[in-house]
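Quick note: the coordinates plus some simple rules give every number you see, no bench work behind them. This structure is a prediction, so every number in the text was calculated from the model and none was measured. Cβ sites come from the backbone with ideal geometry, for glycine too, and all protein chains shown count toward neighbours.
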Amino acid sequence: MYDYLIVGSGLFGAVVARELTDAGRRVLVLERREHTGGNVYCEEKEGINIHKYGAHIFHTSNRAVWDYVNRFVEFNNYVNSPVANFNGELYNMPFNMNTFNKLWGVTTPKEAAAKIDEQRKVIVGEPRNLEEQAISLVGTDIYTKLIKGYTEKQWGRSCAELPAFIIKRLPVRFTFDNNYFSDRYQGIPIGGFNKLVNGLLSGIEVRVGIDYNKSREEYAEAAAKVVYSGAIDEYFNYRLGELTYRGLCFETERFTEENHQGVAVMNYTAREVPYTRSIEHKHFEFGTQPVTYVTKEYPADWHPGEEAYYPLNDAKNQALYQEYAKLAKGETNVIFGGRLAEYRYYDMDDVVERGLTVSKELLAKTI
Ligand code: UDP
């Protein structure tokens, strides 16, 4: 008999498992896949950690979260500086003075701001969708070359139908600074993300290859409470309908050369190129191997049963999620948390923070 059954061993489940265990609770982690770590899991090949479910770069401004993850693994000083490739023209990301110079030949922040101001005039009032938000942030040229195609591929729908908040993730700077993230702390775990997950789960009983939703009866008596980080609609057997996700497909190639693209992340922003990104994994850890692995990331429609990557937080899905959240409140012994259970586009640091908060709340109660 356990105190808690933890369903899912991604960052959320692993943090909660660690915290509850450290507070003396008996926990059992059930993981559907054959490995732990959810989508941060990496597969090692020839000394290179391949981000099997898409590139992950840890970044945060939350000192407590940064200190917490550093308890389990040391982080390197990788700084994410992706390059956008629009039909062979290369632009620095995020949008900054290097980008503006290459696009318009402007050399001062004042000139760049004037150019953007002139182009953003087409949007009047509060932006109502991603297209309007993007144009009002950076103007029409950047929207057309660097945002529209990429975003429409990634989400499989037009920018006019997408929520504005997605693009707010992308900084705009009037300095020559190619650091994609504006956070205080950033890096990749030295030795890879599996080290972080293994550290979080060390000494904790984990069963992999177990689909909780299919073996619920078997585990019904195993613990007093369940912390569930799987998909919320699946938990309720899709009784109100299916939530929509965006899927991804990956194609990895090995090259017998030391350096294939010169950067970890290259974004392909033209609509005609079917992939959105190409990832050269070794650059995340400054690898010097004589070979390299490069993964093309293709956005894809998602079907139930496949790995769900991005929640599609449009109005319809958000409303359906709210209905599921009401059902979840009725499950008094089950705590729902994480990207899939909360249907939220969480960054890793936010999900770690959420795991810490949920654990505190649980421990504040009696059990
Ligand atoms: N984005 C874009 N062009 C790019 C990179 C990103 O337009 O070259 C936009 C796009 O709308 C995307 C959003 O910024 O959905 C967030 O991108 P990010 O790379 O942060 O997404 P993630 O890393 O979570 O896949």
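Which of the trypsin sites (Lys or Arg not before Pro) across region 1-102 are loop residues per DSSP, with 14 or fewer other Cβ within 10 Å?
Working: sites: Arg18, Arg25, Arg26, Arg32, Arg33, Lys45, Lys52, Arg63, Arg71, Lys102; in loops: Arg25, Arg26, Arg32, Arg33, Lys52, Arg71.
Passing both the DSSP loop test and the Cβ count: Arg26, Arg71.
Name the long-range amide H neighbours of Phe181: under 5 Å, sequence gap of 5 or more, or other chain; modelled H, no Pro or chain starts.
Asn80
Determine the gain in length on full extension of the stretch Asp117-Ala325; use 0.36 nm per residue of separation and subtract their C-alpha separation, reporting nm with one decimal. Don't jump to the answer; show the numbers that get you there.
Working: separation 208, 0.36 × 208 = 74.88 nm, distance 4.18 nm.
Stretched out fully, the Asp117 to Ala325 stretch lengthens by 70.7 nm.
Could you line up Val273, Val265 from fewest to most neighbouring Cβ atoms inside 10 Å?
Details: Val273 17, Val265 21.
Listing Val273, Val265 from fewest to most nearby Cβ atoms yields Val273, Val265.
What is the extension gain from Arg239 to Ala364, computed as 0.36 nm multiplied by their sequence separation minus the C-alpha to C-alpha distance, in nm to one decimal?
Working: separation 125, 0.36 × 125 = 45.00 nm, distance 3.26 nm.
So the chain would gain 41.7 nm between Arg239 and Ala364.
Provide Asp349, Asp233, Asp301, Asp177 in ascending order of the number of other Cβ atoms located within 10 Å of each residue's Cβ, fewest first. Could the numbers behind the result be given before it?
Working: Asp349 21, Asp233 26, Asp301 10, Asp177 16.
By the 10 Å Cβ count, ascending: Asp301, Asp177, Asp349, Asp233.
If you place +1 on the Cβ of every Lys and Arg, -1 on the Cβ of every Asp and Glu, and leave all else neutral, what size is the dipole of region 164-221 about its Cα centre, to the nearest 20 Debye? Intermediate values should be presented prior to the final figure.
Working: 8 positive and 7 negative charges, 87 e Å.
It comes to approximately 420 debye.
Can you list the HN-Hα couplings for region 345-351, worked out from phi with the Karplus curve (6.51, -1.76, 1.60; θ = phi - 60°), rounded to whole Hz and with x for Gly and Pro?
7, 7, 7, 4, 5, 5, 6
Test of understanding: extend the Cα→C-beta vector of Glu221 to 7 Å, then name every residue of region 1-43 with backbone N under 11 Å from that spot.
What the label zone holds, given the 11 Å backbone N cut-off, is 1.
Got a sec to turn the phi values of region 54-64 into Karplus ³J(HN,Hα) couplings, 6.51 cos²θ - 1.76 cosθ + 1.60 with θ = phi - 60°, whole Hz, x for Gly and Pro?
Result, ordered by residue: x, 5, 10, 10, 7, 8, 7, 10, 8, 4, 5 Hz.
Tell me what the chain gives for mean residue ellipticity at 222 nm when only DSSP H runs of n ≥ 4 count, each as -39,500 (n - 2.57), the sum divided by the residue total, rounded to 500 deg cm²/dmol.
On the way: 10 runs with 105 residues, N = 367.
Mean residue ellipticity at 222 nm (helix-derived): -8500 deg cm²/dmol.
For a quick check: with amide H placed at 1.01 Å from N, whose amide H comes under 5 Å from Arg277's, ignoring anything fewer than 5 positions away on the same chain?
Placed amide hydrogens put Tyr268, Glu297 under 5 Å from Arg277.
Mind listing the long-range amide H neighbours of Phe58? Cut-off is under 5 Å, sequence gap 5 or more, other chains count too, H placed in the peptide plane at 1.01 Å from N.
So Phe58 has HN proximity to Gly187.
Taking the Cα centre of the chain as origin, work out the dipole magnitude from +1 charges on Lys and Arg Cβ and -1 charges on Asp and Glu Cβ, in debye rounded to 20. The partial results should precede the final answer.
Values: 43 positive and 50 negative charges, 138 e Å.
Dipole size: approximately 660 debye.
What is the distance, in nm, between label points placed 7 Å from the Cα along the Cα-to-Cβ direction at Val83 and at Phe176?
1.7 nm
When a footprinting reagent is the concern and you count Cβ atoms within 10 Å, what order do Ser229, Ser182 take, fewest first?
Details: Ser229 28, Ser182 12.
Exposure proxy ranking, most exposed first: Ser182, Ser229.
Taking the Cα centre of region 146-292 as origin and charging only Cβ (+1 Lys, Arg; -1 Asp, Glu), how large is the dipole, in debye to the nearest 20?
Working: 18 positive and 19 negative charges, 101 e Å.
It comes to approximately 480 debye.
Could you run the Karplus curve 6.51 cos²θ - 1.76 cosθ + 1.60 with θ = phi - 60° over region 270-277 and give me ³J(HN,Hα) per residue in whole Hz, x for Gly and Pro?
7, 4, 5, 7, x, 9, 9, 9
Along the positive direction of the dipole of the chain (beta-carbon charges: Lys, Arg +1; Asp, Glu -1; about the Cα centre), which of Val265, Pro127, Gly305 reaches farthest?
Pro127
Just in region 208-270: which chymotrypsin sites (Phe, Trp or Tyr not before Pro) are loop by DSSP and have at most 13 other Cβ atoms within 10 Å?
Values: sites: Tyr212, Tyr219, Tyr228, Tyr235, Phe236, Tyr238, Tyr245, Phe250, Phe255, Tyr268; in loops: Tyr219, Phe236, Tyr238.
Passing sites in region 208-270 are Tyr238.
State the antiparallel share, in %, of DSSP beta bridges confined to the chain, rounding to the nearest 5. It would help to have the intermediate numbers written out before the result.
Numbers: 31 of 51 bridges.
For the chain, the DSSP antiparallel bridge percentage is about 60.
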